[in-house]
Amino acid sequence: MRRAILCLVMMVIALTAAAQHATDWEQALHDVLGEEDIDTGQWEQMVDLLTDYEEHPLDLNHATRDELEAIPFLSAQQVEEIMAYLYRYGEMQSMGELQMITSLDYRQRQLLQHFICLKHEQPQQSFPRLDSVARWGKHELTALMHVPLYDRKGDKNGYLGYKYKHWFRYKFQYSDRIKIGLTGTQDSGEPFFAERNRMGYDHYAYYVMLNRMGRLESLVIGQYRMTAGMGLVINTNVSFGKLSTLQNLGRSGHALRPNTSRMDEGYLQGAAATVRLARPLTLTAYISYRPMDATLNDDGTAATLLTTGYHRTPTEMKKKHNLWVTDAGAHVSFRHGNWHAGATAAYTHLSRELRPNTSTLYRRYYPVGSDFFNASVDYGYTDYRLSATGETAIDQYGAVATVNSLSYRFSTELSLMALYRFYGYRYQSLRAQGFAEGTRTQNESGAYVGLDWHPSRRFQLTAYTDVAYAPWAKYQASTSSWAWDNVASISCGVGRWTLRGRYRLHLRQRDGVKKNTLIWRKENRGRLDATYTAASGMAWHTQVDGSLVDYKKRDWGYMLSERVAMGLGGAKLDVGAGYFHTSSYESRLYVYERAALYTFSFPMFYGEGVRAWLLARADIGKHWTLQAKVGWTNYFDRPTISSGMQLINHSAVTDVDIQVRWKW
């Protein structure tokens, strides 16, 4: 009872606090794409990309098809309809004309307006004058410090650095023609100007990018990310989960963008360029040479390639950059009318031979060797109603992977999509990241069907079902296995209220207790939430999450959370609180929280406890922005938190983020 009273008090505090204005595009993005995509681990990259668009909006009137396709929530048909509208009617004069793009629903139009602008002068194609670049270029410097108000075991004895996490990000931009950036990031426990981090930060990201230079459409020098086709050969950009794929209707294409992420994995380092050889024909070529972390075998070969980016202990630091990777490849794309086709070739060389432990059954066909080659063809047709896209790839041993999607828009209210993939269990590609039930583009075949129905701007239903089969053993499944994933999501607006509901049933075959047979792991997750937006802009958001997992034993969990939002002049506050109770880690829950610029917060909760957080933002003139976030979590079911080097000898933790941004 005392715990329940405490939770109610926290809710009242949240309801009476002042918080940020309700026009929160991050919340809208979360509503459009869904938390199922948290499994991809790339929300932060997506938010980073869209925050860049928010600060430097894309000129819709003169955007290229590739630039529009870089916006993650637009489908191929929506891009096609925007391009056709601009070709037929000329430049848009106001944002109201977006209503003429009938394939965009109300929520997508509202979301898109955060990232675009409408200019009426033709962009220059020649290299701009240096004095104009110096005079009209925009600078931005952002820095964040994360301060934990507690000590972990490793902070006292074990970690090489202090407990504070911090990063900075500098960016220079001249319209959309020239972009220059430098990012430095330091995780908690990593040494700063010490050990092997003698240059200060543990990881740096840097780039120079030029766009629209005649036939040279884009050039990146430094770190960058690239996607070709549907990701079966190379995809180091944002990858989409299943609900996101329904929103963009299985779109394919190629994308080249600078690496602005603080993540020490997935990027390429060197140079890449896209050149228009002829009006319908473009060529993107790239070369990369970058270090990676690896766990080594006794003979000096690499057992595993590491992507965590942590270098906190002597053991982790010893693994830092002990392997170098060379990548080279090209993608050629041909487009004529509604048809498009392309071909990709990619080569990867490791300075150490990759030799994983293949005696374990599920690792039997993991990539082995030091040289990898992949090639593919991608193809498709897109018009207002129909979109058919696909890619078929092979590796150096002749193993095949293919993915093909078909979507049809019956009306402005209803669209259906079907997708089929086959990834051979012998197929190998170190840079592939395609649509999949698992984390690898390997050992899977499956069929996916999705529906998107919005008969009015106030009501929307999205749903999908996906059946996948793994012919070879997988982690926690010692023989061939099946998986079946289902999601249904409803959104309804009534007056100033927005009501949403979502249910997910995810069935996967896993090893039983004795590991001599497979049993079903049944995971049920649901969410109900309601948002009320007052005329003043103040908004209340109430949410209930639940989970029920049946595998060897039954685990359950629920969380009740509240968030309030409004603005006070130049200051904005965002506050939230919640109570969670789960029977185990298996039934853990994820809840979205507002965070500082260029960051995304989707914390995980299990056990029993309460969570409260407050985010404050103040815009000081046109040049300065200050933000601070305080987060507090108190567990009722344990005297300590976590284990090993992360062990905290308290049942409650408080974290503080302080961020400063200077624009000039």
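No lab work stands behind these numbers, since they all come straight from the coordinates. Just so it is clear, the model here is predicted, and its values are computed rather than measured. Note that we place each Cβ from the backbone using ideal geometry, even for glycine, and neighbour counts take in every protein chain shown.
Which helices of the chain meet both criteria: a Cα extent of 15 Å or more along the helical axis and a mean Kyte-Doolittle score no lower than -1.0, with helices taken as whole DSSP H segments? It would help to have the intermediate numbers written out before the result.
Details: long enough: 2-16 (21 Å, 1.93); 43-55 (18 Å, -0.78); 76-89 (20 Å, -0.31).
The qualifying helices are 2-16, 43-55, 76-89.
Give the Cα extents of the range 397-441 along the principal axes, in whole Å, largest first.
44, 19, 15
Roughly speaking, what is the stretch gain from A271 to T307, that is 0.36 nm per residue apart minus the C-alpha to C-alpha distance, in nm to one decimal?
Working: separation 36, 0.36 × 36 = 12.96 nm, distance 2.19 nm.
Here the answer is 10.8 nm.
Using DSSP to define loop residues, name the GluC sites (Glu not before Pro) in the range 121-230 whose beta-carbon has at most 16 other beta-carbon atoms within 10 Å. Show your work: numbers first, answer last.
Numbers: sites: E121, E140, E195, E217; in loops: E121, E195.
Those that pass, being in a loop and sparsely packed, are E121, E195.
Can you give me the pair-distance distribution of the range 418-561, C-alpha pairs, 10 Å bins, whole percents?
11, 28, 29, 20, 9, 2, 0
Given the Cα atoms of the range 379-480, and with Rh set as the inverse mean 1/r over their pairs in the Kirkwood sense, what is Rg to Rh to two decimals?
Reported Rg/Rh (Cα atoms, Kirkwood Rh): 1.07.
Ratio to report: Rg/Rh of the chain, with Cα atoms as the point set and Rh obtained by the Kirkwood method; give two decimals.
0.94
Determine how many Å³ per residue the convex hull of the Cα atoms of the range 604-664 encloses. Present the calculation step by step, with values, prior to reporting the outcome.
Working: hull volume 5.9 nm³, N = 61.
Each residue corresponds to 96 Å³ of Cα convex hull volume.
List the lysines whose Cα lies under 26 Å from the Cα of K319, skipping any in the same chain that are fewer than 8 positions away.
Leaving aside lysines fewer than 8 places away in the same chain, those within reach of K319 are K153, K156, K163, K165.
With 19 Å as the limit, write out which pairs from K629/K663; K171/K572; K514/K553; K515/K553; K515/K552 have Cα-Cα distances beyond it, or answer none. Mind dumping the intermediate values first?
Numbers: K629/K663 21 Å; K171/K572 25 Å; K514/K553 14 Å; K515/K553 15 Å; K515/K552 12 Å.
Result: K629/K663; K171/K572 exceed 19 Å.
Run the numbers on the chain and let me know its relative contact order in percent, using alpha-carbon pairs under 8 Å that are six or more apart.
That works out to 13 percent.
So what is log10(I(q)/I(0)) for the range 426-479 at q = 0.23, 0.25, 0.26 1/Å, when the Debye sum runs over its Cα atoms only?
-0.92, -1.02, -1.06
Using a Cα-Cα cut-off of under 15 Å, which aspartates and glutamates could be cross-linked to K119, ignoring same-chain neighbours fewer than 8 residues away?
Reachable aspartates and glutamates: D59, E91, E97, D176.
Only helical DSSP H runs with n ≥ 4 go in: add -39500 (n - 2.57) per run for the chain, normalise by residue count and round the 222 nm mean residue ellipticity to 500 deg cm²/dmol.
About -3500 deg cm²/dmol.
What three numbers, in Å, describe the spread of the alpha carbons of the range 517-664 along their principal axes, ordered from the longest?
Principal-axis extents of the range 517-664 (Cα, largest first): 64, 41, 28 Å.
With bins 10 Å wide starting at 0, give me the P(r) of the range 57-168 over every alpha carbon pair, in whole percents.
11, 30, 18, 17, 14, 9, 1
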